[in-house]
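Okay, so here's the structure we're looking at.
Coordinate-derived values only; no laboratory data. All values derive from a computational prediction rather than experimental measurement. Here the Cβ positions follow ideal geometry from the backbone for every residue, glycine too, while neighbour counts run over all protein chains shown.
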């Protein structure tokens, strides 16, 4: 029978207990869908500090409440773990607005999801430890530890423990009575069995190392820091002002209408009349901002058979903007006495 | 009594520690493979704005150099703003504008890095490097791909706000306050 030194024996028992707990916890975690999260930043401080380890459990969208801390992935694939400030649930999908406790503003994008990982537990500093577990050094230590345990389990012990003789090969746990004290050197069957076990141990140790290598891609729960700041400026659009429109009698029968730019940014002018509908003058404001136009009383637009008041309007324009109109009234008197008295326009 | 079998079983159970601890990291990897390594940042993130590259910097400021009192179609105004990372970690910032009313919806912005702002009567210009697209509607994302700013770094931007020539007649006399929000985030 094998005797281990008391210290080693007790450590092995302790290791077995811890190992069993680890296995049970891992099993329970897998069944619940629990996910460890490493907090890389302090955006959830002080509730969850940098380097914390959190545990999240998936929950349905409708179970998510304001105030919960949930872990989601943003559109860039970065895992964000922040507190829910607004949650709208519709058709089993939640639209969440998240904000880090230490952030001054919520995350810019809302998250739409059917399931989220709710953080149910967090502990400070453990995240650093878990991050270390993913380091090459930890992998090496883990592999070495596994190899050692496999050696303890399957390797030869204290130079006196030997494997079963060949005839008992089928019964690995045949009890102490089944063991002999054969000389290893003289028992080729025992030697062969040892090499098989060693190969198995090496194989398992290698697998453990590969598995430990998988730890290297362990990824952190990323709680993003955000800070927002703003600048404001005031803009006022100007309003175009009507140009001044003045009327002066020109000669005996005509009138001259003069438009004066009001000093606004307008670049175009227009002189129109309502009835008859006609644009008398339009175009760019000339330098000096003064447009004079003489309206001839003999113009064919005037088809009135009796004295009529005609409204002239002056406008300023720029792009799609039009100013209010200035108006000026002009009285039209048709020709009389079979044309002996000509048509006449007079400023009203 | 420590038999071979007992030792063997206990040793294998003890190996469960490696598995269990490994699972902690590996479980996370199964659900999220976006980041390969864990790095911790205990620093602070603090984005501030100022009118000059030397500061002073604040969290909220009136960019009066950009104010314009009598805009008309085609008018524009340029103004400089300094963005400062007053924290201890590098950050990436985005810029989004908001402005109320129809006038706010009509204004466009071009963002330039560096350079200087020049304004004559009612036309402004920026001499820096155009970031993204020119004449973006003011009330939307103006810088969407994060622009990185190292810790304690400062960057000058020139904002050129324009009322396009196509501005509707109904905008005459309208007033709006535009807000430019800079949001700094770490790492992403």
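Site pair residue A:14 and residue A:277 shows an inter-label distance of 10.2 nm when each label is modelled 7 Å from Cα along Cα→Cβ. Each peptide in B:10-19, A:253-262 receives the mean, over its residues, of other Cβ atoms within 10 Å, and ordering these scores from highest gives B:10-19, A:253-262. Shielding of peptide B:71-84 by partners, expressed as the average count of other chain Cβ atoms within 10 Å per residue Cβ, is 3. Counted residue by residue at 0.36 nm each, then reduced by the alpha carbon distance between them, the extension gain from residue A:252 to residue A:113 reaches 41.6 nm. Ordering A:230, B:125 from the fewest to the most neighbouring beta carbons within 10 Å gives B:125, A:230. In terms of packing, defined here as the mean over residues of other Cβ atoms within 10 angstrom, the peptides B:114-123, B:177-186 line up highest first as B:177-186, B:114-123. The separation of the range A:244-276 from the range A:1-53, counted between C-alpha centres, amounts to 92 Å. Across the range A:244-347, the volume of the C-alpha convex hull divided among the residues equals 88 Å³ per residue. When only alpha carbons are used to place a centre, the range A:90-121 and the range B:93-124 end up 32 Å from one another. Net length available on complete extension from residue A:236 to residue A:144 is 25.8 nm, with 0.36 nm assigned per residue and the Cα-Cα distance removed. Using the Cβ-Cβ distance between residue A:73 and residue B:113 with R0 = 35 Å, the FRET efficiency computed as 1/(1 + (r/R0)^6) comes to roughly 0.70. Taking 0.36 nm per residue of separation and subtracting the Cα-Cα distance, full extension of the segment from residue A:348 to residue A:307 would add 13.6 nm. With neighbour counts taken as other beta-carbon atoms within 10 Å, the residues B:9, B:81, B:143, A:303 rank, fewest first, as A:303, B:9, B:143, B:81.
Take the Cα of residue B:59, step 7 Å toward its Cβ, do the same at residue A:137, and the gap between the two points is 3.9 nm. Note on residue B:144 and residue B:88: the model spin-label points, each 7 Å out from Cα along the C-beta direction, lie 3.5 nm apart.
Inter-chain Cβ neighbour count for A:136-143, averaged per residue, equals 2 (cutoff 10 Å, partner chain atoms only).
Annotation: average projected area of chain B is 15.9 square nanometres, based on the convex hull of Cα atoms across all directions.
If R0 equals 30 Å, the separation of the Cβ atoms of residue B:175 and residue A:284 corresponds to a calculated FRET efficiency of about 0.55.
For the modelled label position 7 Å from the Cα of residue B:70 along Cα-to-Cβ, which residues of the range B:90-129 have backbone nitrogen atoms closer than 11 Å? Only B:122 pass the distance filter. By how many degrees, 0 to 90 and rounded to 10, does the Cα axis of helix B:4-31 deviate from the longest principal axis of chain B? On a 0 to 90 degree scale, this one is about 10. For residue B:123 and residue A:121, the FRET efficiency from 1/(1 + (r/R0)^6), where r spans their Cβ atoms and R0 equals 51 Å, is about 0.25.
From least to most packed, judged by other beta carbons within 10 angstrom and beginning with the fewest, A:329, A:338, B:159 follow the order A:338, A:329, B:159.
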